[in-house]
1. Any idea which of C:99, C:118, C:86 is buried (at least 24 other Cβ atoms within 10 Å of the Cβ), within 16 Å of the chain's Cα centre (by Cα) and over 30 Å from residue E:34 (Cβ atoms)?
2. For a quick check of your reading of the model, give me the residue pairs whose first member lies in the stretch D:24-48 and is without any contact (Cβ under 8 Å) to a residue 60 or more places away in the chain, whose second is of a type in the set (D, E, K, R) and assigned to a strand (DSSP E or B), with beta-carbon atoms closer than 8 Å and at least 6 apart or on different chains.
3. Condition test on residue C:111, is it at pLDDT 95 or above, closer than 24 Å to residue D:91 by Cα and in the same structural domain as residue C:80 (by TED's automatic domain parsing)?
4. Can you tell me which residues in the stretch E:34-86 are polar (S, T, N, Q) and farther than 30 Å from residue E:206 by Cα?
5. Looking at residue B:70, is it of a type in the set (A, V, I, L, M, F, W, C) and in a loop (DSSP other than H, G, I, E, B)?
6. How about the stretch A:117-146: which of its residues are aliphatic (A, V, I, L, M) and not in a strand (DSSP E or B)?
7. Anything in the stretch D:122-134 that is surrounded by fewer than 24 Cβ atoms within 10 Å (Cβ to Cβ) and more than 7 Å from chain C (Cβ to nearest Cβ)? List them, or say none.
8. Which residues, counting only those in the stretch D:183-211, are at pLDDT below 95 and polar (S, T, N, Q)?
Number of protein chains: 6
Amino acid sequence: MLKIQTVLALSFLFVASYASVQDFCVADLSKPDTPSGFPCKDAKKVSVSDFVFAGLGGVGNTSNIIKAAVTPAFTAQFPGVNGLGISIARLDLAVGGVIPMHTHPGGSELLLVIQGTICAGFVSSSANKVYFKTLNKGDIMVFPQGLLHFQINSGKGPAIAFVSFSSPVPGLQITDFALFANDLPTELVVATTFLDAAQVKKLKGVLGGSG
Amino acid sequence: MLKIQTVLALSFLFVASYASVQDFCVADLSKPDTPSGFPCKDAKKVSVSDFVFAGLGGVGNTSNIIKAAVTPAFTAQFPGVNGLGISIARLDLAVGGVIPMHTHPGGSELLLVIQGTICAGFVSSSANKVYFKTLNKGDIMVFPQGLLHFQINSGKGPAIAFVSFSSPVPGLQITDFALFANDLPTELVVATTFLDAAQVKKLKGVLGGSG
Amino acid sequence: MLKIQTVLALSFLFVASYASVQDFCVADLSKPDTPSGFPCKDAKKVSVSDFVFAGLGGVGNTSNIIKAAVTPAFTAQFPGVNGLGISIARLDLAVGGVIPMHTHPGGSELLLVIQGTICAGFVSSSANKVYFKTLNKGDIMVFPQGLLHFQINSGKGPAIAFVSFSSPVPGLQITDFALFANDLPTELVVATTFLDAAQVKKLKGVLGGSG
Amino acid sequence: MLKIQTVLALSFLFVASYASVQDFCVADLSKPDTPSGFPCKDAKKVSVSDFVFAGLGGVGNTSNIIKAAVTPAFTAQFPGVNGLGISIARLDLAVGGVIPMHTHPGGSELLLVIQGTICAGFVSSSANKVYFKTLNKGDIMVFPQGLLHFQINSGKGPAIAFVSFSSPVPGLQITDFALFANDLPTELVVATTFLDAAQVKKLKGVLGGSG
Amino acid sequence: MLKIQTVLALSFLFVASYASVQDFCVADLSKPDTPSGFPCKDAKKVSVSDFVFAGLGGVGNTSNIIKAAVTPAFTAQFPGVNGLGISIARLDLAVGGVIPMHTHPGGSELLLVIQGTICAGFVSSSANKVYFKTLNKGDIMVFPQGLLHFQINSGKGPAIAFVSFSSPVPGLQITDFALFANDLPTELVVATTFLDAAQVKKLKGVLGGSG
Amino acid sequence: MLKIQTVLALSFLFVASYASVQDFCVADLSKPDTPSGFPCKDAKKVSVSDFVFAGLGGVGNTSNIIKAAVTPAFTAQFPGVNGLGISIARLDLAVGGVIPMHTHPGGSELLLVIQGTICAGFVSSSANKVYFKTLNKGDIMVFPQGLLHFQINSGKGPAIAFVSFSSPVPGLQITDFALFANDLPTELVVATTFLDAAQVKKLKGVLGGSG
């Protein structure tokens, strides 16, 4: 009953009509960004590898001051998420490891504990109330957009977590780095944080800041 | 120099001003939904437990036809994600397990393989091109919003994955269930899918549909 | 009282200030797409013809397997809708014509029957409930974003309808084409749809698929 | 191979999990509106009639000053479009009929001529450039959000058009009604429009305004 | 305890990972606009001067027919607001000055009176109701998106106000300019506004229109 | 030619059709919030006073530790901005006054200096670069969403500024208050900020925190 020739004609008709309609927009990082994300890679050059990322499989290097590592799969690392409203990162926390107080200016975060025990929390802006809890393997916790939050390995072994974001470019502003790892003059830091100058200078020294 | 009394006064000033500004909107599921999500639970009754969910820690029951289980943490199960543009679900796939062809009408998906080997893919609407690949532990793959996709355990042991979504209510439309698990008349299914009537009736029987 | 010279000066002032503010963004299809749509055509080269499209006036070619035709006016065909959150398509259904089960990943649809009688419906993802009805001339029906739906000419003469979308690039994924009109291996189709292999091979043959 | 009992169990599992996830949000007009639209009608009480509207099938009453009628299917008339980003209205223009200069504050418009000949146009805010054209049956024209536009029956018989909007609540502000059909004092109208007071008073008289 | 070397290594790690993630998108006005705004200026070339604008400090030239001046800081004048959802403009109104009836197609407006007395108002589209009030120094008033509104200096000295917008490109369509300052044929203006032809021709003459 | 009776009929027709379409959504703060804002006040009870706010006219009380005051006109204080994507606040800075390091989780900010001299700046998350400048009367500066920023009176007299936001509920999280004005245990603050415990305890004492 079904005639192959007419069907092929039909198939061609549909395909031709939609040739330049994209279901996705893999980032072409070589072009300038826009407020909605990067321009799209030519659909004809897109392959499945644009939608797959293997960079989160390995353990991050936690041989550092925070005994922790953040390995992101944002647009810059994983262009396939461009324009799709989602991204992810891997957290590795050695024993005693800490992801310091930070915010994501561009999105909410959902934490999933894969291994170990993590104490995580955030501070609301309304009344500065703190919400924190110790999480075990399989627990999830959500951190509303833009609020200060942290994660600490509160267990006796290494911990691993994955954090998903409601944006392909959530950003990451670690408070300590923002305050102490640049050339913001000490007097301005003191004036805007009430911290003692000695404390500011000490952390500037540690984190590589100046001024 | 810093006088506690004046500071407390300041603190009170700020707090009072922002008393009804919420940083989050934990769903009050007892009230009617809106296009942007559920009305917010009274902030005074919100505690950290509203932002934490332990329901994904256990292995889903895979003793079923698809040898797989989907355990969601969407607004209905985890009211803390309401309005935050993100949610998550756990996939358990026994040996031979399959998450059948389906779409999420309301969001993009990001798959993370935690254990085992999964063959996953999606079909673009432009030219009906298929993008699929075998993923190992630690690999991630993104599925653009609304497109048909699937996951198959292609390994020799059980597989576990977590899928994040760019919406707290991504929805889930499994094609087979949509076509065969309801009272859509067989003649309409045949007419709109080109499937043979016998095939339709067989699957209606299996999936509990009628008509 | 009104002095022409000062008014012209005023007029010039306003015009100059807003010279590069665009009220619209006609797509320049020669440039790469972005997540929010195509870059804008130079406003100085935009004319009324960019906002008018005559391509829906003729009857679509229904000499094909589905006895139906879809003629879209999406961004690719009608660049004037770029960035405006709306588009339209014409449906022609000969006697017995069918628009097969499909979804629009990127938008909701509003159907308007202009001629004839059409049986239209969609399947919700919640409980897989079916909503379908026979529509006459002048009736409208709305199909929520991303859900499977169909249209069948249930009358005795040709039917015409226009379908508007809440996006200039709604996309169109016809389930049959997504499953059978490409090189997705038969074993994967069988595994993810529960269809019999013979059925899959038959439809792959008809729709030009392989594998 | 497929065992009905386990399948039914599976079916129940999925259904139960998503019971309160809605794919749509039919407006409950008895409840207060929100910025994103009306609260949703209880999904259990939703039927196909909530998604179908027959009110655009008849000819509008054009026995009035503008010899035209606008029959809307916005959320207030057609609650099924609530939250879906789309709506539609029917325009009837008798010979000489006119839809006067107006804007839709909340959405872009796509006009489709079904019968007759219509001269339609809009004015851009940038340089006040006018884009207008005579449209015939089957032609479409798009009017970017918020800009002044009009439609005139420029043919020798009645004309019919359907206008789709990128919002379920596009609004409609007819400039003449906004200026002359209320109690805005004549002196304020004169001061803000440069019109002669006599002209303002004349139109206030005609359109039922006062002051 | 804190070792500078490892910290620096950490610092580098974070910085490198986020090198191409932008927190902002200063407009590169030399490139074509997109629906979401202009492409971003290279972040390495961005300096504080991109986020500061001094152009609103001076008094606008009110030696014109409306005895008023609008000085905008939209994307075209202040590229730093590109993509940030906000912009501002300064209003200067000499004695008797008027900002004529107008709309902003792309955003809501918040007026702040800095000096003098201003009578401001808007017309809702629902029932054409007028909301207007005399405002003094320090008062604010909000004008919902897309609705006709006006400002008149109702005091005895010059008035100054600043108007913020919910978009970096709110647009500005002054009704008089849209109707009379272009080549829209007089007969079309008459037909779509009910104004007398003499009135139309008079204002076309004043505002530099033709036709 | 224009007959009053038919026009009134027309007027009634339009009004009736749009009776429940709102152009605005003044917050009814007595009802629960939703992710898109508060439910709307009954339009029949809305008056011009809902769109006007006089609370920013007076000088804020700067007799406190920061010698500064923030007086907001967000939805909680000014329900007319609900759903409109904009709000505003007044900043008063006495000599030596400081608005400490803070973020607005929900929106971008545009600062306008009305009186005095203000040193303002923000820190980008990418590379922790600081952008700051001394601003004079009439200068504006924009702070991208979610990034740490501050304002300091750097002049010899009191300073006044108004800050507009791209959201009616931008939120305000002052870093010091978030870290020290609550019961977040000192050891957690130390662990997540690298600050010395003595410093933390000192500021907790000053700002009324415990733990």
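The values are calculated or read from the model by the stated rules, or taken from the named source; none is laboratory data. Only a predicted model underlies this, so the values are computations on that prediction, with no experimental measurement involved. Cβ coordinates were reconstructed from backbone atoms using ideal geometry, including for glycine residues, and neighbour counts include every protein chain displayed.
1. Values: C:118 fails: within 16 Å of the chain's Cα centre (by Cα); C:86 fails: over 30 Å from residue E:34 (Cβ atoms).
None of the other options fit; the residue is C:99.
2. Final answer for the pair search is D:48/C:133.
3. On the way: at pLDDT 95 or above: yes; closer than 24 Å to residue D:91 by Cα: yes; in the same structural domain as residue C:80 (by TED's automatic domain parsing): yes.
Judged against the criteria, residue C:111 is a match.
4. Pass one, the stretch E:34-86, residues polar (S, T, N, Q): E:34, E:36, E:47, E:49, E:61-64, E:71, E:75, E:77, E:82.
Result: E:34, E:36, E:47, E:49, E:75, E:82.
5. Details: of a type in the set (A, V, I, L, M, F, W, C): yes; in a loop (DSSP other than H, G, I, E, B): no.
No; evaluated as a whole, the condition is false for this residue.
6. In the first step, residues of the stretch A:117-146 are kept if they are aliphatic (A, V, I, L, M); the result is A:118, A:120, A:123, A:127, A:130, A:135, A:140-142.
Selection gives A:127 alone.
7. D:129, D:130, D:134
8. D:210 - this is the single residue of the stretch D:183-211 that is at pLDDT below 95 and polar (S, T, N, Q).
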